[in-house]
Amino acid sequence: MILTGAEIFIECLKREGVKTVFALPGGVVLKIFDMLHQQKDLEIILTRHEQGAGHMAEGYAKATGKAGVCLVTSGPGMTNVITALADAYMDSVPLVCFSGQVPTSLIGNDAFQEADNVGLSRPCTKYNFLVKDVNDLATTIKEAFYIATTGRPGPVLVDIPKDVSMAKTEFSYPNSVSIRGYNPTYEGNKWQIKQAAEAITKAKKPILYVGGGVVFSGASQELLELAEMTQIPVDMTLMGLGAFPGEHPLSMGMMGMHGTYQANMAVHYSDLVIAVGARFDDRVTGKVSEFCPYAKIIHIDIDPTSIRKNINVDIPIVGDCKTVLRELNQILRATVNGEQKELRKPWWDQICEWRQAHPLTYHQEKDGPIKPQQVVKQLYELTKNRDPIVSTDVGQHQMWAAQYFKLAKPNRWLTSGGLGTMGFGFPAAMGAQAAFRDRLVLCIAGDGSIQMNMQEMATAVVSKLPVKIIILNNRFHGMVRQWQDLFYEGRYASSYLDTTPDFVKLAEAYGAVGLRANKVGDLDSVLKEAMATDKPVIVDVQTYPYENCYPMIPAGGCNHEMILEDPPELKKKQSGAARVTPEDKDTVLTA
Amino acid sequence: MEHIISVTVENKFGVLSRVAGLFSGRGFNIESLSVAPTLDPSMSQMTIVTSGDERIIEQIVKQLNKLIDVIKVVDLNETESVSRETAIIKVHTKDEDRAEALRIVDIFRANVIDSTPSTYTIEVSGDPKKIEAIINLLQPLGIKELVRTGRVAVAREPIRPATVQAKKVVRE
Ligand SMILES: Cc1cc2nc3c(=O)[nH]c(=O)nc-3n(C[C@H](O)[C@H](O)[C@H](O)COP(=O)(O)OP(=O)(O)OC[C@H]3O[C@@H](n4cnc5c(N)ncnc54)[C@H](O)[C@@H]3O)c2cc1C
Ligand SMILES: Cc1ncc(C[n+]2csc(CCOP(=O)(O)OP(=O)(O)O)c2C)c(N)n1
Ligand SMILES: [Mg+2]
């Protein structure tokens with residue numbers, strides 16, 4: 001079959017099982033768009049900005065576990081999508097991004113809208129390709145999907161010059177690929193796994209430290225079996241949320257900088273840390289030299305570079321979580337008996353004590369301003385039976401969502417952890433909604449973050465992606481203000497956002513639905529109304545602006561040295577401002 | 001500590017920038033890097049001289065291995081190896097210095113590969129110490145130009161790639 005490059009592109013995507021492409025056209029990709037326009041198998045979602053396209057592809061990927069696909073033009077199209085590629089690279093999200101390039105004869109001539117796409121994306125992709133010959137196109141696309149989705153997943157860029165998309169050749173799609181420099185290890189070393197099993201049987205104070213790798217690997221079932229069989233408590237990273245049921249009695253919640261008291265105390269005092277698909281990020285370890293000082297560490301990770309990058313490990317196991325946990329469980333099934341329960345009774349007593357001493361708390365006055373935690377909690381209670389997909393932006397609201405929205409299953413949590421990209425939440429939610437049209441998709445957003453990709457509301461309305469956005473509107477870059485209150489003597493340098501825009505009117509201007517909650521009493525009815533709407537909705541929740549997120553481990557601090565509440569000076573100051581309303585701009589600025 | 005790392009890569013455009021980008025992006029040190037095709041023209045051989053403590057070298061080896069265009073990585077410090085560097089030195093030689101220059105060339109078993117009335121161009125190969133030594137001796141005569149290849153090295157015995165060794169670290 002003789003096909004043009006553009007037709008080959010479409011045929012390859014179909015064969016890879018792609019259903020949706022998030023895209024924005026431009027000169028050098030017009031041939032591809034023209035062909036996409038004339039077929040029905042792939043749905044094209046036209047975004048309003050290429051960053052939006054990238055994050056939508058990420059949301060799609062995180063929710064489905066398959067590669068997300070976006071398509072952008074050369075030059076500015078490419079530079080606009082870079083943030084999303086960097087985000088996907090940090091969080092190991094499988095993505096295949098296609099970019100247009102000027103014709104091969106013009107490459108290097110500073111042609112109109114030329115950019116060195118491969119050079120620009122090299123540090124933020126797992127791999128990238130420039131296709132110089134139409135005869136290489138099919139194989140390249142096959143390799144791109146293979147690399148993006150295997151081993152430690154990540155974004156891959158395929159740069160297609162205009163003439164390559166127009167040129168014709170005989171099409172044949174390779175059945176398989178083999179790349180001699182790329183052979184991810186899935187099977188863990190048997191001897192190491194045996195060592196791990198032995199350490200687990202002997203440990204008096206073990207803890208599981210579970211990360212995003214468990215979600216990518218689809219190892220939740222194996223993890224559940226391991227935890228229940230051995231009665232080991234489970235700490236989750238921000239990216240690991242959902243890998244283990246949040247309401248399970250063995251769940252300790254999130255660990256790290258804004259993790260729960262119990263999760264951080266347990267990891268600090270444990271004698272065996274079993275890290276599964278987690279990468280010892282500094283938001284989790286705090287001061288590296290004093291991270292779990294009493295523990296042996298087992299580390300299961302598919303990427304050898306994750307092991308011993310930040311922390312020394314006693315029993316490293318390179319392999320896929322699912323495969324390794326299966327094998328580990330098999331050994332443990334034969335060795336675990338009632339003895340371990342007896343052995344670990346003091347540990348569990350200690351954990352219960354921690355749990356009771358400092359559970360997550362906040363104080364919601366009946367007639368007082370709305371506390372952000374209250375919003376997340378009510379949203380959770382209201383929607384948990386609908387098995388929602390939840391995305392967040394970046395900031396305090398993200399941390400409260402992580403603390404109070406207890407996820408029961410994996411692939412329902414879309415958040416930007418490694419890069420911490422404000423503006424991620426809304427487009428990511430849209431990507432997930434595009435994959436699952438009938439599911440409830442929530443986006444818990446900040447008033448600052450949401451404005452970074454607000455333009456995608458047009459996409460949501462036109463493409464009928466009825467995402468429910470709940471803005472915890474504190475009129476601040478709240479996370480920045482928190483640091484300023486704690487470490488910069490309360491000088492609010494460029495963190496106050498003021499009271500514009502009116503998000504309700506903004507939603508309406510786009511043809512979406514806008515709702516507002518000013519009082520705690522409004523919350524229930526407003527949230528219910530939002531959930532019952534079949535259009536995209538913004539719920540503007542006016543929250544108390546000075547609420548701080550705790551526990552908090554100051555950057556570089558130790559895990560057992562958490563700040564649990566506002567220091568006294570801050571409390572005093574804030575009691576004066578407790579009644580700040582959006583209109584009280586002057587109070588806010590002088591507080 | 002200094003390590004010589006031998007890296008077999010795909011002979012494709014862009015591979016050098018991936019390797020160089022890895023070092024600069026992660027703050028690893030490159031003292032020298034040399035690259036040329038192997039007997040099999042689809043592959044190139046790089047010799048990278050770098051330095052760092054054990055943890056850093058382990059990361060360098062693993063990160064190199066992680067690059068998709070990298071086929072094999074060998075940390076030559078883990079085995080016996082021989083290494084060589086070549087320097088080409090153009091020295092300014094006035095009449096009375098010409099004999100002295102030739103004497104130095106002789107002692108170091110270097111070669112004069114070009115000569116003009118006022119210069120000798122000298123080629124010398126050896127380990128870095130030898131090259132430093134001849135440079136020191138030639139300096140008083142007046143070195144006009146100096147280029148060095150950076151080191152190239154091979155293991156004395158065929159050895160297993162550092163991929164396997166990285167996994168051995170993992171196994172102990
Ligand atoms: C404002 C803000 C605050 C934050 N606060 C916190 C906090 O309090 N606590 C917290 O935990 N994080 C926090 N983070 C997130 C933090 O920055 C890191 O993104 C996060 O801790 C990393 O999670 P992870 O270790 O699970 O790694 P991930 O980034 O999810 O990496 C996954 C790991 O699993 C491996 N892997 C992938 N696939 C497989 C497989 N199939 N089998 C085995 N291994 C696999 C990968 O190689 C990698 O090492 C915060 C982020 C922001 C923006
Ligand atoms: C693109 C980007 N720019 C800047 C930052 C730094 N930053 C982190 S949190 C934050 C404030 C976020 O404000 P908002 O979205 O209102 O959330 P809040 O903390 O108020 O809940 C900022 C500016 C970032 N993470 N991302
Ligand atoms: Mg805010």
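Things to note:
- Residue check, residue A:147 free of Cβ contacts under 8 Å to residues at least 40 places away in the same chain, surrounded by 22 or more Cβ atoms within 10 Å (Cβ to Cβ) and not aromatic (Phe, Trp, Tyr): yes
Matching residues to (1) within 11 Å of chain B (Cβ to nearest Cβ); (2) among the acidic types (Asp, Glu); (3) under 26 Å from the mean Cα position of the chain (by Cα); (4) surrounded by fewer than 21 Cβ atoms within 10 Å (Cβ to Cβ):
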site	(1), (2), (3), (4)
A:154	yes, no, yes, no
A:162	no, no, no, no
A:168	no, no, no, yes
A:176	no, no, no, yes
A:181	yes, no, no, yes
A:184	yes, no, yes, yes
A:196	no, no, no, no
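- Within the option set A:384, A:406, A:341, being outside any loop (DSSP other than H, G, I, E, B), under 21 Å from residue A:433 (Cα atoms) and more than 16 Å from ligand 2 (Cβ to nearest atom) holds for one residue only, A:384.
- Scope segment A:286-312; condition outside any strand (DSSP E or B), open to solvent by less than 40 Å² (accessible area, probe 1.4 Å) and under 21 Å from residue A:204 (Cβ atoms); matching residues: A:291, A:292, A:295
- Qualifying residue in segment A:364-383 (condition: farther than 25 Å from residue A:521 by Cα, touching a Leu at 6+ places or on another chain (Cβ under 7 Å), modelled with pLDDT of 95 or more and away from ligand 1 (no atom under 13 Å from the Cβ)): no
- Condition check for residue A:116: within 19 Å of residue A:181 (Cβ to Cβ) and within 12 Å of chain B (Cβ to nearest Cβ): no
- Taking the criterion of being part of a helix (DSSP H, G or I), open to solvent by 30 Å² or more (accessible area, probe 1.4 Å) and away from ligand 3 (no atom under 16 Å from the Cβ), the residues of segment A:502-513 that qualify are A:505, A:508, A:509, A:510.
- For segment A:100-151, taking the residues that are small (Gly, Ala, Ser) and within 30 Å of the chain's Cα centre (by Cα), the one that is farthest from ligand 1 (Cβ to nearest atom) is identified as A:100.
- Any hit, segment A:473-495, residues being away from ligand 2 (no atom under 16 Å from the Cβ) and buried (at least 23 other Cβ atoms within 10 Å of the Cβ): no
- Counted residues, segment A:543-563 - those being open to solvent by less than 10 Å² (accessible area, probe 1.4 Å) and among the β-branched types (Val, Ile, Thr): 2
- Every test in (1) more than 16 Å from residue A:192 (Cα to Cα); (2) modelled with pLDDT of 95 or more; (3) in contact with a strand residue (DSSP E or B) (Cβ under 9 Å, 6 or more places away or on another chain) is passed by residue A:305 save one, and that test is (3).
- Condition met for residue B:85 (of a type in the set (Asp, Glu), more than 9 Å from every other protein chain (Cβ to nearest Cβ) and open to solvent by 30 Å² or more (accessible area, probe 1.4 Å)): no
- Residues that are without any contact (Cβ under 8 Å) to a residue 40 or more places away in the chain, closer than 15 Å to residue A:428 by Cβ, away from chain B (no Cβ under 14 Å) and in contact with a strand residue (DSSP E or B) (Cβ under 8 Å, 6 or more places away or on another chain) do not occur anywhere in segment A:85-96.
- Odd one out for residue B:30, checked against (1) away from chain A (no Cβ under 14 Å); (2) in a helix (DSSP H, G or I); (3) within 28 Å of residue A:313 (Cα to Cα): (2)
- On the stretch given as segment B:1-44, residues that are of a type outside the set (A, V, I, L, M, F, W, C), under 20 Å from residue B:127 (Cβ atoms) and surrounded by 18 or more Cβ atoms within 10 Å (Cβ to Cβ) total 2.
- Identity of the residue in segment A:123-142, at the interface with chain B (Cβ under 9 Å from one of its Cβ atoms) and over 21 Å from residue A:102 (Cβ atoms), that ends up most open to solvent (accessible area, probe 1.4 Å): A:123
- Residue list for segment B:77-130, restricted to those being closer than 26 Å to residue B:33 by Cα, aliphatic (A, V, I, L, M) and not in a strand (DSSP E or B): B:110
- Counting only helices (runs of 4 or more DSSP H) wholly contained in segment A:416-501, no element carries 3 or more residues that are more than 14 Å from chain B (Cβ to nearest Cβ), of a type in the set (Phe, Trp, Tyr) and away from ligand 3 (no atom under 16 Å from the Cβ).
- Of the candidates A:432, A:401, A:428, the single residue that is open to solvent by less than 10 Å² (accessible area, probe 1.4 Å), touching a strand residue (DSSP E or B) at 6+ places or on another chain (Cβ under 9 Å), of a type outside the set (Lys, Arg) and within 13 Å of ligand 2 (Cβ to nearest atom) is A:401.
- Options B:79, B:93, B:47: the member that is at pLDDT below 95 and crowded, with 20+ Cβ neighbours inside 10 Å: B:93
- Residues of segment A:2-53 that turn out to be over 29 Å from the mean Cα position of the chain (by Cα) and over 29 Å from residue A:106 (Cα atoms), as a count: 2
- Pick from segment A:177-194, criterion among the polar types (S, T, N, Q) and free of Cβ contacts under 8 Å to residues at least 24 places away in the same chain, ranking: farthest from residue A:316 (Cα to Cα): A:178
The values are calculated or read from the model by the stated rules, or taken from the named source; none is laboratory data. This structure is a prediction, so every number in the text was calculated from the model and none was measured. Positions of Cβ are backbone-derived with ideal geometry, glycine not excepted, and every protein chain shown enters the neighbour counts. Areas reflect the complete protein model, heavy atoms only, side chains present, ligands, DNA and RNA absent. Shrake-Rupley method; radii C 1.70, N 1.55, O 1.52, S 1.80 Å.
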